[in-house]
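Peer 1: Have a look at the structure that comes next, please.
The values are calculated or read from the model by the stated rules, or taken from the named source; none is laboratory data. Just so it is clear, the structure is predicted and the values come from calculations on it, not from any experiment. Methodologically, a virtual Cβ is constructed for each residue, glycine included, from the backbone with ideal geometry; neighbour enumeration extends over all protein chains shown. Note: accessible area is taken over every heavy atom of the protein model, side chains too, but ligands, DNA and RNA are not part of it. Shrake-Rupley method; radii C 1.70, N 1.55, O 1.52, S 1.80 Å.
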Amino acid sequence: MTDRLGDLTAAGVAVWLDDLSRVRLSSGGLDRLRREQHVAGVTTNPTIFAKALSDADEYNWQLKDLATRGIEVEEAVRMLTTYDVRWACDVMRPSYDGSAGVDGRVSIEVDPRVAHDTDKTVAEAKALWWLVDRPNLYIKIPATEAGLAAITATLAEGISVNVTLIFGLDRYSAVMEAFLAGLEQAKANGHDLSTIGSVASFFVSRVDSEIDKRLDKIGSEEAKALRGKAAVANAQLAYERYTEVFSSDRWQALADAGAHPQRPLWASTSTKNPDYRDVIYVEELIAPGTVNTMPESVVTAYAEHGETRGDTITGAYDAARQVFADLAAVGVDMDDVIATLEREGVEKFEASWSELLDGVRTSLAAAAQGAGAPNEAAKGNAEAAQRAGGNA
């Protein structure tokens, strides 16, 4: 039998799962994905947790204890989510140990409501790092302007970081600068650089969704011909910048001190348009030293019919630049596209976080009354969060 995910891994792409739940943990499902499907990491977000908490009875005992103790909802959310992430870190620990700390990572996100406050983001990152207390944890920090300084400050503390919500090339360059500065400060602070990891989550499908909408509005044949091309081209040019930064003398000095590069992670890789091939954002973004985080549906689809054709990025830079030249020619304003995506990305995560809080609040109230499982209102909150947040 063809091992398509094995071929993808051999091509240099780390397969990560964009999902987590206590059912997946208690059933052994995550461990099976690690052992049998080459899954080497896990990412989470508020939308994922909202759905997990609404669907599973496994949380009831903890909700009941939290309600009995009178724990406030925000602290309850942290206790519930960090419990799952700590467990997931333990499940993924063999991958972490077997890759010398490169893979086997599990990500948990800072409160997105503080995305524009550097100090609060850093404080939140530290709190999550203490709570989970596992070396293979990643703290997810949004790549907002305030987030850039928080990324540097968090890395300087020796804390590993997954930078999320990256849409544009210039912001990606700024993220890599923040990473290098953070490692330089960490080294000056006496931290062992070999223990600090980082990925930069570059969002893919949302770029096509936004640009395709604008192309449809323009309506010309030239515009329609560009549908579905921007997201892959954008990520390909991001990889070009990655190779430039991580071949520099500045990086080499950090590598000589034991540092691992900040790998580009392709996020939001499930196709939103049913007309597109369901694994397009995997097949077209294969290159050494990358991560692709997928919902299980995409992991399964790639295992069934994905095609690993070697490096599909490195030789595509000129064609990718032509895509953006053509987009500009038909009137697509890429600066406005990226600004819109970043703003909406933060807003969606904030909405998901609020829905998560509402769901846990409802579940705590039900547990306090002895009602047991989360009620339909909590499930409704989770469904609303899933619609707002989407794949991350």
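Peer 1: Assuming T152 fulfils every condition listed in (1) assigned to a strand (DSSP E or B); (2) in contact with a helix residue (DSSP H, G or I) (Cβ under 8 Å, 6 or more places away or on another chain) apart from one, which condition is it?
Peer 2: Only one criterion is unmet by T152, namely (1).
Peer 1: Residues to consider are Y83, Y59; find the one that is surrounded by fewer than 20 Cβ atoms within 10 Å (Cβ to Cβ), within 20 Å of T362 (Cβ to Cβ) and of a type in the set (S, T, Y).
Peer 2: Y83
Peer 1: (1) of a type in the set (D, E); (2) open to solvent by less than 30 Å² (accessible area, probe 1.4 Å); (3) closer than 30 Å to E177 by Cα: which one isn't true of D119, the others all being true?
Peer 2: (2) is the only condition that D119 fails.
Residues checked against (1) more than 16 Å from G104 (Cβ to Cβ); (2) hydrophobic (A, V, I, L, M, F, W, C):
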| site | (1), (2) |
| --- | --- |
| A10 | yes, yes |
| D19 | yes, no |
| D31 | no, no |
| I48 | yes, yes |
| S54 | yes, no |
| K64 | yes, no |
| R69 | yes, no |
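Peer 1: Which members of the stretch 1-23 meet the condition of being closer than 21 Å to S352 by Cα, open to solvent by less than 30 Å² (accessible area, probe 1.4 Å) and assigned to a loop (DSSP other than H, G, I, E, B)? Steps first, please.
Peer 2: Applying the first criterion (closer than 21 Å to S352 by Cα) to the stretch 1-23 yields 17-23.
Then drop every residue that is not open to solvent by less than 30 Å² (accessible area, probe 1.4 Å), which leaves 17-18, 20-22.
Hits for the stretch 1-23 are D18, L20, S21.
Peer 1: What are the residue pairs meeting all of these: first residue in the stretch 216-233, first residue free of Cβ contacts under 8 Å to residues at least 60 places away in the same chain and in a loop (DSSP other than H, G, I, E, B), second residue open to solvent by less than 40 Å² (accessible area, probe 1.4 Å) and among the aliphatic types (A, V, I, L, M), Cβ atoms under 6 Å, and 6 or more apart or on different chains?
Peer 2: Sorted first by the residue in the stretch 216-233, then by its partner, the pairs are R227/L215.
Peer 1: On to the next question. Just to be sure before I move on: is Q185 farther than 26 Å from T293 by Cβ, assigned to a helix (DSSP H, G or I) and in contact with a Ser or Thr (Cβ under 9 Å, 6 or more places away or on another chain) in the structure I sent?
Peer 2: yes
Peer 1: Starting from the stretch 289-308, keep only residues that are in contact (Cβ under 8 Å) with a residue 40 or more places away in the chain, then list their pairs with residues that are open to solvent by 10 Å² or more (accessible area, probe 1.4 Å) and basic (K, R) whose Cβ atoms are within a distance under 7 Å, requiring at least 6 positions of separation or different chains.
Peer 2: G289/R263; T290/R263; V291/R263; Y302/R4; A303/R4; G306/R4; T308/R4
Peer 1: Name the one entry in A100, A127, A67, A40 that is in contact with a Ser or Thr (Cβ under 9 Å, 6 or more places away or on another chain), among the aliphatic types (A, V, I, L, M) and part of a helix (DSSP H, G or I).
Peer 2: Selected residue: A67, the only one of A100, A127, A67, A40 that is in contact with a Ser or Thr (Cβ under 9 Å, 6 or more places away or on another chain), among the aliphatic types (A, V, I, L, M) and part of a helix (DSSP H, G or I).
Peer 1: Kindly indicate whether V122 is touching a residue at least 12 places away in the same chain (Cβ under 8 Å) and assigned to a helix (DSSP H, G or I).
Peer 2: yes
Peer 1: Return the total of residues in the stretch 130-148 being assigned to a helix (DSSP H, G or I) and open to solvent by less than 50 Å² (accessible area, probe 1.4 Å).
Peer 2: Total satisfying the criteria: 4.
Peer 1: Another question about this same structure. Only one of S173, S107 is among the polar types (S, T, N, Q), at pLDDT 95 or above, closer than 22 Å to A238 by Cβ and not in a helix (DSSP H, G or I); which?
Peer 2: Checking each option against the conditions leaves just S107.
Peer 1: Moving to a separate point now. Would you pick out the residues in the stretch 266-288 that are touching a strand residue (DSSP E or B) at 6+ places or on another chain (Cβ under 9 Å) and surrounded by fewer than 16 Cβ atoms within 10 Å (Cβ to Cβ)?
Peer 2: Once the filter is applied, which keeps residues that are touching a strand residue (DSSP E or B) at 6+ places or on another chain (Cβ under 9 Å) and surrounded by fewer than 16 Cβ atoms within 10 Å (Cβ to Cβ), the stretch 266-288 yields only P288.
Peer 1: Answer yes or no: is there a residue in the stretch 24-46 that is surrounded by 24 or more Cβ atoms within 10 Å (Cβ to Cβ), out of contact with any helix residue (DSSP H, G or I) (no Cβ under 9 Å at 6 or more places or on another chain) and not basic (K, R).
Peer 2: Yes, the stretch 24-46 contains a residue that is surrounded by 24 or more Cβ atoms within 10 Å (Cβ to Cβ), out of contact with any helix residue (DSSP H, G or I) (no Cβ under 9 Å at 6 or more places or on another chain) and not basic (K, R).
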